[in-house]
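Structure, as C-alpha cells:
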Amino acid sequence: LPSTTSHPAALTMKITGAILALCAASTSAFVVPNTFTRDHTVAFSTASPLSSASKQGSKAQWDDTLDSLDVTRIQGGALRTWSYPEADLERVFIALNTDGPPEGNPLKVNIELNQGPDNTPQKIDVYSGKGRLRPFYAVIETPGGSSAVFIRNNAPLEFPATAKVEPQMEGDKSMIELTEQIYEMDEPIIIQGGGAVRTWDLTAAVSSCKVTLRTDGRPLYAQVELVQGPNAPKYTIDVYCEDGDERPFTIIMETPGAGNMVRIISTGSPRVPLTASF
C-alpha cells in the first residue's frame, strides 16, 4: 500500500472536503420551506383586484346596513342579553367596538349562544387592543331557531363597549350574503388539530379579510389572530362550536396598516382537523 505520509496535502484536502460535504448535508436538513407566505388579497380594498363596481355597491350596502342597526352600550363588567324566540331564525350578526381615543379603547368581551336550559353550543372570547380601529364582526349560525345571545364586557368599568346585534330570519338578505359579494374566498385548506398553526401574509392593499372555519360535524376549537410586527397579536379570538358543520364560524377583520398576518391555531383534538377559507 502507498504511504500516506508522502502525500499530506492530498490527505488533508480529502478530509476537509468530506467534512464540508457532511456539514452541507446537515444544514440542508434544517431548511424550512416557505410554504405559507403568498399574498391572499381576499378582502375588499380600493387598491385590490376585487374593487369592481358590483363589489363597491355591496360594500356600500354593507356600510349602510351596519350604520342602521341599533346600538347597545355595555359597561365594563356588565352582561347584556338578546332573545329571539322565532323558530325561523337562521343566524345572528354581531358587531362590537369601543369608544375613547381615535383608535378606541381595548375591546375584551365574551359571547355565548344559548339554545335551551344549560345548552351553550357556541362560545367566543374576543380581544382587540384598539376596538375602534379593529372592531369585531361575526356571524353566528343558529340551526334550530329560538336562541339567545349573551355578551359580557370583561374590560374594566371605564372601558364600555358598543354592540349591534341583528337577527337574520329565513328568507332575509343577510349580512353573510353581502360578504359573499365583497370577498373572494380561496379553496378551503385543512388544519390538523393539536395546536397546528397556519399563517397568511397580507399586502398593504388589503383593508379587511373574511375567515370561515368549519369541521366535519365534530366540535370546533380554534384561535384566530391578527398579527402586525414580530409576534405582536393585535386581535385574538378564541372560538368553540359544538358542531363545526352546522355552526361554521365566520368573522370579518379590519386589517389597517402594513405588515399584517392572519394566524390560525387549531386548538382541538389532534384527531379533529378543521378547514379554513379565506
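The values are calculated or read from the model by the stated rules, or taken from the named source; none is laboratory data. Fair warning: this is a prediction, and the values are worked out from it, not measured in the lab. As a convention, Cβ positions derive from the backbone with ideal geometry for all residues, glycine included, and neighbour counts pool all protein chains shown. Only protein heavy atoms, including side chains, enter the accessible area calculation; ligands, DNA and RNA are left aside. Shrake-Rupley method; radii C 1.70, N 1.55, O 1.52, S 1.80 Å.
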How high is the relative contact order of region 202-278, in percent, counting Cα pairs under 8 Å that sit 6 or more residues apart? 47
Of region 87-111, those with amide N under 11 Å from the point 7 Å along the Cα→Cβ vector of residue 172 are 88-94
Would you please classify the overall shape of region 95-214 from the alpha carbon gyration tensor, given that a ≥ b ≥ c denote the square roots of the eigenvalues, rounded means a/c under 1.5, and beyond that prolate means a/b larger than b/c while oblate covers the rest? rounded
Prolate/oblate/rounded label for region 137-278 (Cα gyration tensor, a/c 1.5): rounded
Take the solvent-accessible surface of the protein heavy atoms, probe 1.4 Å, and return the percent of it on region 195-278 that carbon and sulfur atoms account for. 50
Rank by packing, highest mean first: peptides 84-97, 184-197, with packing defined as the count of other Cβ atoms within 10 Å averaged across residues. 84-97, 184-197
Going by Cα centres, region 60-79 and region 149-174 are how many Å apart? 7
Less than 11 Å Cβ to Cβ from residue 244, Lys/Arg counted +1 and Asp/Glu -1: what total charge do the surrounding residues give? -3
Region 62-179, relative contact order in percent, only Cα pairs under 8 angstrom and at least six apart counted: 44
Calculate the dipole size of region 62-123 relative to its Cα centre from +1 charges on Lys and Arg beta carbons and -1 charges on Asp and Glu beta carbons; express the result in debye to the nearest 20. 380
Which value, in Å² rounded to 10, gives the accessible area of residue 245 with a 1.4 Å probe and all protein chains present? 80
Whole-number value, in Å³ per residue, for the convex hull of the alpha carbons of region 66-116 is 115
Give me the net charge of residue 154's neighbourhood, meaning all other residues with Cβ under 12 Å from the Cβ of residue 154; Lys, Arg count +1, Asp, Glu -1. +1
Hey, which aspartates and glutamates would be in cross-link range of residue 59, C-alpha to C-alpha under 15 Å, not counting anything within fewer than 8 residues on its own chain? 67, 177, 180, 184, 254
